[in-house]
Amino acid sequence: MATSESTTTLPGDPAPPDELRVGVIGLGFAGTTHLDAFTALPGARVVALAGQEPARLAELADTRGVESRYADWQDLVARDDLDIVSIGVPNDLHHPIAVAALSSGKHVFCEKPLAVNGDLAQEMVDAARAADRVLEVAYNHRRRTDVQWLRRHLDSRPFGDIYHSRASWMRRTGIPGLGSWFTSRTAAGGGPLIDLGSHVLDIALFLLDEPRVTSVSAVAYDRLGTAGRGGSTRGVSERRDFPYEVEDFASALLRLDNGASLHLEASWASYSKADEDIEVDLLGATGGARLHVDNYSTTDTLTLYSDVAGAPTVSRPRLTDPGRHHQAVIAEFLAAIALGEQVPAGQPRHTGHYGEFALHRSRVLDAVYSSAAERREVEVVR
Ligand SMILES: NC(=O)c1ccc[n+]([C@@H]2O[C@H](COP(=O)([O-])OP(=O)(O)OC[C@H]3O[C@@H](n4cnc5c(N)ncnc54)[C@H](O)[C@@H]3O)[C@@H](O)[C@H]2O)c1
C-alpha cells in the first residue's frame with residue numbers, strides 16, 4: 001500500500017489500513033445520502049453496498065467505486081472485515097440489522113427512527129453498550145446551522161425560562177408513495193409522526209437541553225390517507241401493495257420534567273397552508289424564538305423576539321450556510337468512533353454514543369400513539 005503524501009486514492013482502490021471500512025444498506029434517499037456523505041469524508045471508505053433494486057445498485061456502486069454489492073443486508077453484515085454498517089432501509093429492518101452488526105463488533109449509523117417502537121430501540125441501545133460500539137442515529141436536521149446557532153445562543157439564557165414550545169413538520173400532499181412500506185404499520189411503525197415528527201421532536205428536545213418528556217396527551221387521524229388522497233412519489237422501494245394503516249396527521253401535548261410543555265404536530269397530508277414546513281417556536285419569560293424552514297437550503301429561518309428598553313423588538317440573525325446535515329452527523333459519528341479508541345477497555349464510552357437520545361425519542365413516540373389510541377394522557381416509559 002502506497003503511503004506517500006502525494007498519493008491520490010481513486011474510487012475502487014482498496015481502503016488503506018487506517019480507513020474505516022463501511023457497508024451501506026439501502027439505495028433510496030437515505031442510503032444514497034449515507035453513501036455520498038461517507039465518500040466525501042476523510043477516514044472512511046464505502047467498500048460494500050446492499051439494496052434490492054439491481055439497476056440502481058449497479059449504478060450507485062459503479063459511479064462511487066464500491067467494490068462489493070449485495071441484494072440482501074444479511075450477506076453484507078456477515079462480512080468480518082467491515083468497521084461500520086450504515087442503515088438506510090425501511091424502519092422495521094433497523095433493529096435486526098443493527099443488532100446483528102453491533103453483536104459482530106461493527107459500529108452502526110442508523111436512520112431515524114431508531115426502531116418501530118421503544119422496546120426494540122432499547123434492545124439496540126443494549127446491544128451497542130454490550131459490544132461497546134457506537135450507535136448513532138441520523139437526526140440530520142438537528143445539525144442545521146440555524147438549530148446549532150440557536151442552541152449556542154440559548155446557553156446564555158436570553159429568553160429566561162422557556163415554559164412552552166411548539167414543534168411541527170407539516171405537509172399538504174406528502175404521503176411518501178401511497179402503497180409503499182411507509183404506509184404499513186408493521187414496516188414503518190407509524191406515519192408522519194414517526195417519519196417527520198421524530199425530527200422536530202429531536203430539534204426541540206435538543207434546543208431545550210434534553211429535558212425528559214414525562215407524559216403525553218395526543219390525537220391522530222387518517223382521513224386523507226385511507227381515502228387515497230395526499231400521496232406523493234417518494235422512495236425507490238418497488239413494492240407498492242402495502243395497505244394504508246398509519247395516521248396522516250398527529251398532534252400531541254407533551255409535559256416535560258422541568259415543568260414546561262411542548263406541542264408536537266406532524267402531517268403528511270392536510271388541507272393547510274403548509275407544504276413541507278418545519279416550524280419550532282420557543283416561548284420564554286423574557287423572549288422567544290421562531291425557526292421556520294420551508295426549503296432545506298435557505299438560511300433566513302430564525303426570528304428572535306425580546307424587549308429592548310421596554311419596546312417589543314424583533315431580530316433576524318443573518319446566517320450564511322444552511323449546514324451539511326447528514327454529512328455533519330456522520331462526521332460526529334466518525335469522531336465518536338475515533339474518541340472511543342482512546343477510552344481504556346472496560347471504561348464507559350462518552351454518554352450518548354449508544355443511541356440513548358434516540359431511545360428517549362422512540363419512547364415518546366410510543367406514548368403519543370398509545371395516548372391517541374386510548375384517548376387519555378399516557379406516561380412515557382423511562
Ligand atoms: N434522515 C432523513 O432525512 C431521512 C430521509 C428519508 C428517509 N429516511 C429514513 O431512511 C430509511 C429509508 O428511507 P428511504 O426513503 O431511503 O426508503 P426507500 O424505500 O427509498 O429505500 C429503501 C431501501 O431499502 C432497501 N431494502 C429493503 N429491504 C432490504 C433488504 N432485505 N436488504 C437490503 N436492502 C433492503 C431497498 O432495496 C431500498 O433500496 C427510513 O428509515 C426512513 O425513515 C430518513
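The values are calculated or read from the model by the stated rules, or taken from the named source; none is laboratory data. Since the model is a prediction, treat every value here as computed from it, not as a measurement. Virtual Cβ from ideal backbone geometry, glycine too; neighbours counted across all protein chains shown. Just the protein is used for accessible areas: all its heavy atoms, side chains included, with ligands, DNA and RNA removed. Shrake-Rupley method; radii C 1.70, N 1.55, O 1.52, S 1.80 Å.
Centre-to-centre separation between the Cα atoms of region 224-287 and those of region 103-165: 19 Å.
Restricting attention to the chain, close to 60% of DSSP beta bridges with both partner residues there are antiparallel.
Among Asp257, Asp146, Asp307, the largest mean-square fluctuation in a Gaussian network model of the chain, built with springs joining Cα atoms closer than 10 Å, belongs to Asp307.
For the chain, the longest principal axis of the alpha carbon atoms and the long axis of helix 118-131 meet at an angle near 40°. Once the C-beta distance of Ala338 and Ser297 is scaled by a Förster radius of 35 Å, the resulting FRET efficiency is 0.75 to the nearest 0.05. How many percent of the accessible area of the chain is carbon or sulfur, using a 1.4 Å probe? Within the chain, the accessible surface is 51 percent carbon and sulfur. Solvent exposure of the chain, expressed per residue, is 44 Å² of accessible area, with all protein chains present and a 1.4 angstrom probe. Which one of Asp202, Asp18, Asp300 has the biggest mean-square fluctuation once the chain is modelled by GNM with Cα springs under 10 Å? Top of the fluctuation ranking is Asp18. For the chain, the longest principal axis of the alpha carbon atoms and the long axis of helix 29-40 meet at an angle near 60°.
Taking the chain as a Gaussian network of alpha-carbon nodes connected by springs under 10 Å, the highest mean-square fluctuation of the residues Ala311, Ala328, Ala218 belongs to Ala311. If you look at the Cα atoms of region 238-370, you get an Rg and a Dmax of 20.0, 62 Å. Relative to the dominant Cα principal axis of the chain, helix 145-154 is inclined by about 50°.
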